[in-house]
1. Can you tell me, using C-alpha contacts under 8 Å and at least 6 residues apart, the relative contact order of the stretch 1-120 as a whole percent?
2. Report, by chain and number, residues whose modeled amide H sits under 5 Å from the one on Leu72, excluding near sequence neighbours (fewer than 5 apart, same chain).
3. Need the full-extension length gain, Arg41 to Thr6, defined as separation in residues times 0.36 nm minus the C-alpha distance. One decimal, nm.
4. Using θ = phi - 60° and the Karplus form 6.51 cos²θ - 1.76 cosθ + 1.60, what ³J(HN,Hα) does each residue of the stretch 39-48 get, whole Hz, x for Gly and Pro?
5. In sequence order, what are the phi-derived ³J(HN,Hα) couplings for the stretch 111-121 according to the Karplus relation 6.51 cos²θ - 1.76 cosθ + 1.60 with θ = phi - 60°, rounded to whole Hz, with x for glycine and proline?
6. Using alpha carbon centroids, what distance separates the stretch 20-38 and the stretch 118-158, in Å?
7. Given only helices, namely DSSP H runs of n ≥ 4 each adding -39500 (n - 2.57), what is the per-residue ellipticity at 222 nm of the chain, to the nearest 500 deg cm²/dmol?
8. Sequence-distant or interchain residues sharing an amide H contact under 5 Å with Met84, placed H: which?
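Bear in mind that the values in this text are calculations on the coordinates, not laboratory data. Because the structure is predicted, anything quoted here is derived from the model rather than measured.
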Amino acid sequence: MLDDSTSALALARLLPEVGPLTVVTNYRQITEELRGAEGIRLICVGGEYSRTHDSWIGLPAMDMIGGISVDLSVLSTSAMTAGMTFHQEQEIVSIKRATRQAGATSVLLMDHSKVGRRALHRLEGVDSFDHVLLTGPVDEELVREMRELTDVRVVEAE
């Protein structure tokens, strides 16, 4: 399952090369990217359309996400510290929590501009994710603190 983030969209662009896969998403841009891809079974989460996020949110989306189980959930958010993730909008927090919980394994994708920052609402502890993938450069002390909580990988952005 891929959330409504540009980080997940970048990953989605690589998926046709590794299919066959089933991809679940609430993000319109990912559905556009994958709708014609051979080997990709695409399941779209419905709900109230958010123009701000170009995705479907709200109770119908929550109900649908709550009713599925996927091997892997991949998501991003607007801010994180060594121990906590955050987002500024409560409706998005609910959708992202459900997305993480739908996956047997969860991966948090974050670019360095969002690391070491906070936003209004707490999303999930870093330790609730099985893996964290960060694009560098990221403060080494912060990465050390995160590694005490979960598996963390840092890669250089292209």
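1. So the answer I get is 26 percent.
2. Residues meeting the amide H criterion: Ala104, Thr105.
3. Stretched out fully, the Arg41 to Thr6 stretch lengthens by 10.6 nm.
4. These are the phi-based 3J(HN,Hα) values: x, 10, 8, 10, 10, 9, 7, x, x, 6 Hz.
5. Per residue, the Karplus-derived 3J(HN,Hα) values read 8, 4, 5, 9, 8, x, 10, 10, 9, 4, 10 Hz.
6. 26 Å
7. -7500 deg cm²/dmol
8. Residues meeting the amide H criterion: Val126.
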